[in-house]
Every structure is written in C-alpha cells, then in structure tokens.
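Reviewing the structure listed below.
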Amino acid sequence: MNILQQQIKLMKRPLGTPKQEDFEFTQAPIGEPAEGEVLVRTNYISVDPYLRGRMNDVKSYVPPFKLDSVISSGVVAQVVESKSPHFQKNDIVTGMLGWQEYTVAEESAIRKIDTTLAPASAYLSVLGMTGLTAYFGLLEIGQPKKGETVVVSGAAGAVGSVVGQIAKIKGAQVVGIAGSDGKIKYLIDELGFDAAINYKTEDVKTALHKACPNGIDVYFENVGGEIGDAVLPLLNKFARIPVCGAISSYNNEEADIGTRVQGYLIKTSSLMRGFTVGDYASRFREGSEALAGWLKEGKLNYEETVTDGFDHTIDAFLDLFKGANLGKAIVKVSEIE
C-alpha cells in the first residue's frame, strides 16, 4: 500500500520526566502482509508506567527501546487483511504492537479476544497484562489469607485496583493508598476497600497506624519511595511484599536512597520479592480464566481513563506521572467496525 499512516518514535533518552520533544510523530507506508501475517488497524493502545524504564539504555528484564524506532506496548486491533489460516478479516486481536495506526503482525504475535466477555479495551486492563500482574503478584507472592491485612499502594491504578479486589475476594481487610479524594471515594464506595489513605493530604505513617491496628501482612508495592518506607515498621511476622513497581523513582535523575529494608525484613522474617508478569507466562490462561470468571460474577469492577485520538498518545503517557488516570490508561485510536 502507498497510503501513509502515523507512527510515534522515541528520538531521545529522557532525562528525568519525559517530554514531548523526546518523541516524534512520523509517517510511513502501511505494509502488506506476507504468508503467515495479518494487517491490523489499531483500535486501542495501552500506556503504562513501565514503558518509562524501557526508554533508558540500561540492562533490564526487557530490552530498551531503540532510538528512532517505533515504541510498542499492548494494543487491541482489528484484522483488515489476513494471510494466516488462524485469523479472518474483522477478528479482534491483541498483542504487543507498535504505536502506529496499522501494523503488519506475524500470526504468532497476536491472539483473538472474546468481546462477549467484556469490551475489547478490557483486554488491556482487567483481562490483560495489568489484571494478570495483579493476579499472580498477589496470589503467588502475597498469598493473602482470610482476616489478614493487605495494603496496596497505587491502589486506584490499573494493577492496584485489581489487587485490592482480589484480596477482598480472598477475605482480607484491604487498605489502599492513592493520591486524590476522588480516588479514595472510588476505592471505598466502588471497589469495597475497607479503608483508603490520600498520601497527598494525610501523613501516611499516622494514617497507616490507624487503618492497620493489627499490623500489615501483605504489602503490594507499586510506588516505592516514602510510601514504601512508611509500611515497613508495621509489618507482621512472616509478612509478604510483592514488588511490582516503584513509580515514585522512575523519573529520578539520581539514585533513589531511602530507608534500608534489611532490619525490618530480618526482624519480621518477611519476604520481599520483585516480579514481572512475564515470570508467569506459562500460566496466563489460568489467570485469564479466573479474572474473567470474577468479572462475570460481578466480583471485579474496573475503570478506564480513555484518551481519544492517536495524536494524544504522548499526552496520555505523560499524564501517568501526574496521577491523572483512574484505573487503566488507554488511548482510543479508532472504532471497532
């Protein structure tokens, strides 16, 4: 095809918080699929905090983005043309694809999704990688038990909101930490958290002591920094700490130095373990079925912050670091036909 499409490339390694000038909108021809490939039109793009780490040229669990190359993340798309026996025109699929309006994808890079279970965008949130991250991180590392106290930072985000709800399903007392009164209301009134703390207006240490009179058995870490430090003195014996993220330090230009954890972990025999959802790739079907079941039963709710228009993809990404999103941040690029 000679028709041009828009793409977004990373042009500079960000210093501190990313800026618009670190990215560039470019145009490129829409490709044509070869045998075993499909051409898809992008409907939704997932914007996620972890993408910030991939913009640094450092060793990590995934390779860094290359400069002058298209950024990629989770995408929901519709098949326009197929040269694969596994996909037909108009199938709705998801995969790790580029920030562009169209993609020629290998058949192994995408999978069909069932939009009778939930809207297509949910496969980037509660039924996608963020839901699976919550499921495996909490249940495999956190292992909450009935009556225990679970604290979740970044609780109104895509992962944290699902973590708290699963903990409630398992019979735990759940305390969320978030950054606005609106988010606090959402956690308690909509998601059923037992308590919630606004870290911007409350002293987190004091509020945690009040909300967790029996100590903390599980702390699901999404934020790090001073919030993570405030949790440590309240850990109970054999507490578990799944470390999913540390968004408070993602844009730091210098090393993040704070409270040393060793003493707290030794005194309480606590487990603190980092993870990525890819660690559980062989069990994704299990997690997806469990999440879909809870969603169908009305035990899981989810919220999406949807930004309209491919032109606003960078805006939506930068808003993550301002705490502007409630639930999963998604960019809507086109309608599903």
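Each value in this text was obtained by applying a stated rule to the coordinates, not by laboratory testing. Quantities reported herein were computed from a predicted structural model and do not represent experimental measurements. Using ideal geometry, Cβ is built from the backbone for each residue, glycine included, and neighbour counts are taken over all protein chains shown.
General remarks:
- When shorter helices are ignored and each DSSP H run of at least 4 residues is given -39500 (n - 2.57), the per-residue value for the chain at 222 nm works out to -5500 deg cm²/dmol.
- Of the beta bridges in the chain, as assigned by DSSP with both residues counted there, near 60 percent are antiparallel.
- Length gained on full extension, Thr259 to Glu106: 50.4 nm, using 0.36 nm per residue less the C-alpha separation.
- Highest GNM mean-square fluctuation among Lys145, Lys210, Lys183, for the chain modelled with Cα contacts below 10 Å: Lys210.
- Theoretical gain in end-to-end length, Leu67 to Phe238 [0.36 nm per residue, Cα-Cα removed]: 57.1 nm
- Residue order, fewest to most beta carbons within 10 Å, for Arg273, Arg54, Arg285: Arg285, Arg273, Arg54
- Neighbour cut-off at most 13 other Cβ (10 Å), DSSP loop, GluC sites (Glu not before Pro), the range 230-325: Glu253, Glu254, Glu297
- Estimated inter-spin distance, Lys185 and Asp308, nm [label 7 Å along Cα→Cβ]: 2.4
- Among Val331, Val58, Val70, sorting on how many other beta-carbon atoms sit within 10 Å of each Cβ, with the fewest leading, yields Val58, Val70, Val331.
- Counting only lysines at least 8 places from Lys145 when in the same chain, those with an alpha carbon closer than 29 Å to its own are Lys168, Lys170, Lys183, Lys185, Lys205, Lys210, Lys237, Lys267, Lys296, Lys299, Lys328.
- Summary of the geometry: the range 115-162 and the range 20-78, compared by the centres of their Cα atoms, lie 24 Å apart.
- Relative exposure of Leu265, Leu97, Leu39, judged by other C-beta atoms within 10 Å (fewest first): Leu265, Leu39, Leu97
- Relative contact order for the chain, counting Cα pairs under 8 Å that sit 6 or more residues apart, in percent: 18
- You can think of it this way: the chain between Phe321 and Lys59 has 92.1 nm of extra reach, that is 0.36 nm per residue less the Cα-Cα gap.
- Approximate spin-label separation Ser282-Gln143, in nm, with each point projected 7 Å along Cα-to-Cβ: 1.9
- Cβ-Cβ FRET estimate between Ile266 and Lys89, R0 fixed at 56 Å, reported to 0.05: 0.40
- Between 0 and 90°, nearest 10: helix 284-296 axis offset from the chain longest Cα axis: 80
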